[in-house]
Each structure stands twice: as C-alpha cells, then as structure tokens.
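Novice: Structure in structure tokens, see below.
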There are 4 protein chains.
Amino acid sequence: MTDTAEFPPESERPAGWLRADQIASARLWLPILYVDAVPVRVDDSGDVVAVGLLLRVTPEGVMSRALVSGRVMFHERVRDALVRHIEKDLGPMALPQIPASPQPFTVAEYLPTPGVTPYHDPRQHAVSLAYVVPVAGDCRPQQDALDLAWITPEQACEQDVQLEMNGGQGLLLRQAMAHVGRMP
Amino acid sequence: MTDTAEFPPESERPAGWLRADQIASARLWLPILYVDAVPVRVDDSGDVVAVGLLLRVTPEGVMSRALVSGRVMFHERVRDALVRHIEKDLGPMALPQIPASPQPFTVAEYLPTPGVTPYHDPRQHAVSLAYVVPVAGDCRPQQDALDLAWITPEQACEQDVQLEMNGGQGLLLRQAMAHVGRMP
Amino acid sequence: MTDTAEFPPESERPAGWLRADQIASARLWLPILYVDAVPVRVDDSGDVVAVGLLLRVTPEGVMSRALVSGRVMFHERVRDALVRHIEKDLGPMALPQIPASPQPFTVAEYLPTPGVTPYHDPRQHAVSLAYVVPVAGDCRPQQDALDLAWITPEQACEQDVQLEMNGGQGLLLRQAMAHVGRMP
Amino acid sequence: MTDTAEFPPESERPAGWLRADQIASARLWLPILYVDAVPVRVDDSGDVVAVGLLLRVTPEGVMSRALVSGRVMFHERVRDALVRHIEKDLGPMALPQIPASPQPFTVAEYLPTPGVTPYHDPRQHAVSLAYVVPVAGDCRPQQDALDLAWITPEQACEQDVQLEMNGGQGLLLRQAMAHVGRMP
C-alpha cells in the first residue's frame with residue numbers, strides 16, 4: 001500500500017488530487033478506495049509464467065517487495081486508476097492488459113487495526129479492488145522502486161518472498177496465484 | 001443510491017458515522033465506497049425465483065424502485081455493511097445469506113457526471129460493490145420505503161420496472177440477473 | 001454451438017479426436033464439455049469497444065450469427081481448447097489474450113430438451129465454460145464462416161442481432177456484455 | 001474424486017446413469033464433467049468459520065480426507081448435481097445453500113497424466129466446476145465415509161491436512177479458502 005506518488009508538487013497535480021491535509025483528514029473517518037494490481041507475464045495460452053514484484057527499501061533500511069497499488073481518485077474510473085498506477089510503477093511501455101470486466105478476483109480490506117481482517121494499513125482504512133494484470137511490454141521500475149523482480153508463481157508463494165511483503169500483500173499475492181490456478 | 005438512514009439524530013449514531021458536513025465535503029473530492037445488494041428468493045437448487053425491490057415515492061411524488069444500497073463506514077467490513085443495510089431496509093428478520101466470498105459480481109461506478117459510466121449519482125462519486133443476496137426470512141420494508149415487492153427475474157428486466165429505477169440501478173439489476181443465469 | 005471442424009478427414013485428426021460414432025454415442029448419455037468465447041476488441045483501459053460475431057448460412061439458407069464455440073478434447077486443457085477454437089474460427093493471426101484465470105464468467109448448459117435452461121442444443125447436452133477473450137490481431141473467418149462482423153456492445157444486445165443467434169447464444173452474448181459492464 | 005455411489009445396483013439407478021462399461025469406455029476418450037463442493041459453516045456475516053471434510057480409509061488402509069465431489073449426469077443441471085452429491089455425502093438434512101450463480105470459483109482439471117495441471121485422477125480426465133457451499137443443517141456422513149470433520153480454515157491449509165488429501169484436492173481446498181478470504 002505504498003503510495004509514493006500520492007503528493008507530487010502542487011503545480012504538477014492533475015484535477016482530482018487532494019491536498020495532503022484533506023486526504024489526511026478523510027483517512028480518519030472514511031474508507032479510501034484503492035486498486036491492487038498483480039503484474040504477470042503469461043504464455044500464449046494465458047497461463048501465468050512470472051509475477052512482477054517491486055523492490056523497495058523502507059525508511060528503516062529494510063528491503064520490501066510490493067504489488068502495484070494506489071488510490072482511486074475522484075471522478076476516475078477503476079480501470080483508469082489501474083492504468084495510471086501501473087504506468088506510475090512500471091513505466092509507460094509496460095503495455096498492461098487491463099481486464100475487460102470490473103469484477104475483481106477479491107476485495108482486500110486494509111484496516112488500521114490489525115487482526116480484524118488479514119490486511120493492515122496503519123495509516124487508513126483502505127478497501128482495494130484486486131486484479132491480475134498481464135503486462136506484455138517493457139517494464140521499468142519508476143519513482144522510489146529499486147527494481148522490478150520477475151519470479152515464478154511458485155517462488156511468489158515461498159516463505160522468504162512472503163516475509164518481505166507488508167500489510168497482507170503477501171496473502172493477496174497468494175490469493176492471486178490461487179485465482180489463476182498457479183498456487184503450489 | 002438512497003441512503004435515508006445516513007443521518008439519524010446525533011445521539012443515536014454509532015462510532016464511524018460522520019457529521020453531515022464532513023460527508024458533504026468528502027463527496028466533493030473522494031470516491032465514496034458503497035455496497036449494492038440484490039435481495040432474492042431461491043429454491044432448493046439455488047435458482048433465483050424472485051427479486052425484492054423497495055418501493056419509494058420521490059419528493060416529486062414519483063414512484064420509484066430501488067435495490068438495497070448504502071455506504072460502507074470507517075472501520076466496517078464490506079460484509080458487515082451488507083448485513084447492516086439489508087437489516088436497515090428489509091428488517092431484522094430477513095435472514096440474509098451474505099456471500100462467503102468478498103468477490104462482487106460487478107463494481108458499479110456512480111459518477112456525478114452522467115455518461116462517463118452507465119451509472120449516475122448527482123450527489124457524489126460512489127463506487128459500489130454489488131452482490132446478489134438470498135434472503136430466507138420475513139422481509140418488512142423499513143424507514144421510508146412504502147413496500148417491498150417480490151417480482152420474477154423476467155419481470156425485473158421488463159421495461160416498466162426498469163423505467164422506475166434510477167441512476168443505473170435498473171442496469172445493475174439486469175446484470176445481477178445475467179450473473180445468476182436468469183436474464184430473459 | 002456449431003462445430004463444423006469436429007470431423008476432419010481421419011488422416012488429419014490429432015490424438016484425442018473421436019470417431020464420429022463414438023461422439024454420437026457419448027452424446028446420448030453424457031454431458032459434453034464445451035468452451036464458448038466472446039471475441040472482443042478493447043481500448044487501452046480494457047473497455048470493450050467491439051464484439052466479433054461469425055456470420056454463417058444455415059443449411060436452410062438462413063443467415064445466423066455465432067460465438068466461437070467448440071468441444072474440449074480428451075487430455076486438453078480448457079485454455080488450450082480456447083486457443084484452438086479461436087484459431088480455428090478467427091485464423092492464426094488473431095492474437096487472443098486468453099484469460100489468466102480459469103474462472104468463466106458463466107456456465108451455459110445447452111440441453112437437448114428446450115426450456116430446462118435458457119440454452120438449447122438438439123444434438124446433445126453440452127456444458128460450456130464461457131469466457132470473454134480480447135483479440136489484438138488480424139481476424140479472418142475460417143472454414144464455413146462467411147464473415148466476421150465487428151459490432152458495438154450496444155448493437156450486440158439489439159433485437160435484430162439477437163434474433164440471428166441460436167440455441168441461447170444471444171443470451172450468452174448479453175451475459176458477456178453484462179459481465180464487462182457494457183450492456184445498454 | 002471418489003465416486004463411491006457411481007454404480008449402485010442397476011434396479012436403483014435413476015435415468016441418466018450409465019452402465020459401468022459405458023462410463024469406462026467414455027473415460028478413455030472424453031473429458032468427464034464433475035462438480036466439487038467445499039462444504040462450509042458461515043457466521044451471520046457470511047464469514048467462513050469451519051470447513052467440512054469427509055474422512056475415508058483407502059483400500060490400502062490409509063486415512064484420507066476428501067471434498068464432496070461427483071459426476072454431472074446426462075440432462076442434469078450443474079446445480080442439481082451439487083444438491084445430489086451433497087445429499088449423497090452429507091445426508092438429506094444438510095440444508096446446503098447452493099450458489100445462485102453458476103460461476104464457479106475455479107475449474108479443476110484432473111488429468112490422467114500427472115503434472116500437466118496440479119490436479120490428477122489416474123482413472124480419467126475429469127473437469128470439475130468448484131463451488132463453496134454453506135450448509136446450515138445437520139450433516140451426517142453417508143455411504144463409505146467414516147466421518148465428517150469440521151475444521152477451521154486455518155487448519156484446512158495446514159500441512160498434515162493437506163497431506164491427507166489426494167489428486168490435488170488439497171490445493172483446491174486452499175484455493176477455496178483464498179476465494180473466501182480465509183487463507184492464513
């Protein structure tokens with residue numbers, strides 16, 4: 001649920017962006033709508049052969065892995081939010097195949113209180129529509145991400161990868177692999 | 001997208017409810033998370049035999065039909081919001097069978113500008129997770145609803161019923177019937 | 001549910017194909033597994049902008065429209081059956097984006113007795129897993145199809161198109177449009 | 001994929017049942033349509049609190065756990081096959097809540113050759129539509145099952161339970177838990 005592009009300089013903000021104090025206030029008393037995208041490579045039969053995870057270093061200097069994730073803005077369609085966040089994190093040449101249907105494979109409820117659901121975000125109550133998104137093009141990590149690592153579905157479910165994911169995104173990744181029939 | 005129970009007297013409000021000015025403000029710059037429930041009667045094989053629609057009279061004196069619909073509150077799970085809104089609209093004895101999976105059959109995006117999506121809400125940008133919910137018990141319309149009418153899936157898709165639904169809920173109802181295999 | 005490529009000359013048959021008498025016999029006492037694919041064109045946000053329908057002339061000289069449809073063979077994965085039938089009907093350059101998940105948007109049960117379900121196939125009891133499949137390449141109708149017509153989602157749901165589809169495929173097409181949020 | 005009720009004495013067979021030699025023959029050259037049901041107990045919010053697994057002893061004397069599973073017969077609807085197999089395995093008082101939608105949470109492809117998919121059935125190529133089915137009533141194991149054990153979703157995903165399941169049903173069970181948001 002890292003949203004590092006949430007607050008660019010005000011002059012660069014498109015319509016629909018909030019001031020930092022507005023979103024900080026809303027986060028105290030409203031669920032915030034998010035999208036989570038699991039970027040995958042597929043073969044000619046649509047079978048998932050690799051999963052892309054963003055590598056970041058936390059302020060504490062710990063390596064972490066993350067899905068593509070971000071907020072849906074006012075007056076933005078869910079599918080446009082998916083395009084925007086994938087472009088933000090994977091670059092403009094990723095060529096994502098956004099699902100034709102708005103039906104997500106699951107809904108992840110990140111609550112500020114741990115333990116109510118398997119997902120957790122200390123900053124807010126985020127409700128995220130989760131999609132598996134095949135990307136056909138060239139992916140380059142953007143912004144604060146160090147790297148984009150492509151791993152197999154089996155590796156994605158292994159303990160060491162799971163431990164490097166935060167807030168329940170490791171679970172969400174395994175749910176994605178279960179949905180595409182590639183959980184080991 | 002009628003939310004008649006949105007603002008009960010302040011003394012009766014549970015934690016998580018907003019002041020009217022807070023939600024009015026947020027509606028100007030954030031998508032608001034909703035749930036839509038299509039209440040149905042099913043037979044022993046799970047086949048939908050009837051759909052329940054709320055009958056209301058608009059302030060202009062026009063009869064309208066509506067699905068069960070309402071906002072998800074801060075720190076409330078989607079499944080608990082479904083229970084709360086079904087109880088609010090159908091009464092405490094409806095015995096809803098809330099889906100085990102959080103996967104909605106679709107996501108309805110009600111935008112304040114008509115025509116961007118097939119759904120429209122002049123007050124706000126509401127993003128609604130839509131579920132078909134079998135109810136096994138006794139349903140009594142509550143609050144401002146005049147009646148709860150049970151009609152067949154075929155009738156639900158007919159022109160005259162569709163014309164009495166607002167904001168794209170007629171389409172959402174037909175999508176629900178398509179999902180359960182009962183669109184004529 | 002036209003399967004014109006079901007019985008090529010025996011010498012051309014790959015492993016897994018049945019003799020005509022074997023499949024004729026099985027059709028009397030077993031449900032036969034099918035796939036139905038709704039070929040679509042999507043924009044950069046994944047929104048469906050066109051639907052492809054095969055045009056055929058029935059033995060009685062009547063024009064009909066059809067989805068891509070066909071049997072799943074012994075030892076063939078569902079996703080490989082989708083690839084094969086799309087290639088069979090749309091040609092080898094269609095570049096279909098087979099869904100990553102095996103979850104169909106619905107299951108169409110074509111029974112030999114009309115009226116049990118909304119689908120009907122006088123020859124057999126076919127149970128078909130239905131998928132929406134974006135195609136990115138050049139589509140050329142193959143075999144017995146006269147043409148492949150691209151129409152809008154709205155046109156796909158209109159009466160005159162619906163009347164040219166058989167066995168409940170018109171309904172299945174509308175269910176597909178409901179699933180992708182493009183039913184008028 | 002145990003189908004112990006597949007061949008009752010001929011006099012007891014309803015229409016649609018096959019002779020043993022017919023099904024044995026078809027299994028050599030056709031995919032056979034199955035349903036898999038994961039019986040669950042849910043709370044008032046629809047959240048899964050327990051999973052029911054059948055306990056059996058294999059001919060080799062090994063304890064195994066299984067989902068409710070069985071073939072779809074000729075001219076039988078998928079939802080009626082679900083009712084029949086749940087009644088067969090859990091008894092007539094189980095009160096299953098068959099899903100209103102025919103959309104399965106996944107499709108499990110049990111191939112006679114191991115390794116092509118994660119599912120395996122040495123006897124046949126079975127393609128199974130998989131559903132999570134809440135049961136509200138009294139469940140009594142029938143036929144050859146020794147017991148029906150209710151365990152938590154977390155226990156269902158543990159190594160020792162998984163090892164007692166065959167043919168990939170352990171994976172299918174974990175996919176079901178992923179789908180309902182209850183995978184640990």
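Novice: Among residues belonging to the range B:146-184 that are in a loop (DSSP other than H, G, I, E, B) and among the hydrophobic types (A, V, I, L, M, F, W, C), point out the one that is nearest to the other protein chains (Cβ to nearest Cβ).
Specialist: B:VAL180
Novice: Residue by residue through the range A:107-125, note down the ones that are assigned to a loop (DSSP other than H, G, I, E, B) and either under 22 Å from A:LEU54 (Cβ atoms) or touching a residue at least 40 places away in the same chain (Cβ under 8 Å) (or both).
Specialist: A:THR117, A:PRO118, A:ASP121, A:PRO122, A:ARG123, A:GLN124, A:HIS125
Novice: Here is a follow-up. Just one of D:ARG123, D:ARG182 is more than 14 Å from D:ASP36 (Cα to Cα), open to solvent by 60 Å² or more (accessible area, probe 1.4 Å) and among the basic types (Lys, Arg); which is it?
Specialist: Just a single option satisfies the conditions, and that option is D:ARG123.
Novice: Hey, does the range D:51-62 have a residue that's modelled with pLDDT under 95 and crowded, with 16+ Cβ neighbours inside 10 Å?
Specialist: Yes, the range D:51-62 has at least one match.
Novice: On the basis of being closer than 19 Å to A:HIS125 by Cα and in contact with a strand residue (DSSP E or B) (Cβ under 9 Å, 6 or more places away or on another chain), does B:ARG77 make the cut?
Specialist: yes
Novice: Ok, one more. If a residue has to be facing chain C (nearest Cβ under 10 Å) and open to solvent by 10 Å² or more (accessible area, probe 1.4 Å) to count, how many in the range A:63-83 make the cut?
Specialist: 4
Novice: Of the numbered conditions (1) touching an Asp or Glu at 6+ places or on another chain (Cβ under 9 Å); (2) open to solvent by 10 Å² or more (accessible area, probe 1.4 Å), B:PRO114 satisfies every one except a single condition; which is it?
Specialist: For B:PRO114, the failing item is (1).
Novice: With the requirement that a residue be closer than 16 Å to D:GLN103 by Cα and facing chain D (nearest Cβ under 10 Å), what does the range C:113-125 give you?
Specialist: C:THR117
Novice: State whether one or more residues within the range C:87-106 are within 27 Å of A:VAL49 (Cβ to Cβ), open to solvent by 60 Å² or more (accessible area, probe 1.4 Å) and under 16 Å from the mean Cα position of the chain (by Cα).
Specialist: yes
Novice: Considering only residues of the range A:126-145 that are under 16 Å from the mean Cα position of the chain (by Cα) and in a loop (DSSP other than H, G, I, E, B), which is farthest from the other protein chains (Cβ to nearest Cβ)?
Specialist: Applying the filter and picking the extreme gives A:ASP144.
Novice: Look at the range D:46-81 and say how many of its residues are under 18 Å from the mean Cα position of the chain (by Cα) and assigned to a strand (DSSP E or B).
Specialist: 17
Novice: Does the range D:149-169 hold any residues that are over 18 Å from D:VAL133 (Cβ atoms) and surrounded by 15 or more Cβ atoms within 10 Å (Cβ to Cβ), and which are they?
Specialist: The answer is D:GLN155, D:CYS157, D:VAL161, D:GLN162, D:GLU164, D:ASN166, D:GLY167, D:GLY168.
Novice: Give me a count of the residues in the range C:1-45 that are within 21 Å of the chain's Cα centre (by Cα) and modelled with pLDDT of 85 or more.
Specialist: The total comes to 13.
Novice: May I ask you to list pairs of residues, at least six apart or on different chains, whose Cβ atoms are under 6 Å apart, with the first in the range A:40-56 being facing chain C (nearest Cβ under 7 Å) and of a type in the set (A, V, I, L, M, F, W, C) and the second being open to solvent by 20 Å² or more (accessible area, probe 1.4 Å) and assigned to a loop (DSSP other than H, G, I, E, B)?
Specialist: A:VAL48/A:ARG182
Novice: For residues in the range A:84-99 being within 21 Å of C:SER101 (Cβ to Cβ) and in a loop (DSSP other than H, G, I, E, B), which is nearest to the other protein chains (Cβ to nearest Cβ)?
Specialist: A:ILE98
Novice: Hey, any hits in the range B:26-45 for a residue that's open to solvent by 40 Å² or more (accessible area, probe 1.4 Å) and part of a strand (DSSP E or B)?
Specialist: yes
The values are calculated or read from the model by the stated rules, or taken from the named source; none is laboratory data. Because the structure is predicted, anything quoted here is derived from the model rather than measured. Neighbour counts run over all protein chains shown; Cβ positions are idealised from the backbone, glycine included. Quick note on the areas: whole protein, heavy atoms, side chains included, nothing else; ligands and nucleic acids left out. Shrake-Rupley method; radii C 1.70, N 1.55, O 1.52, S 1.80 Å.
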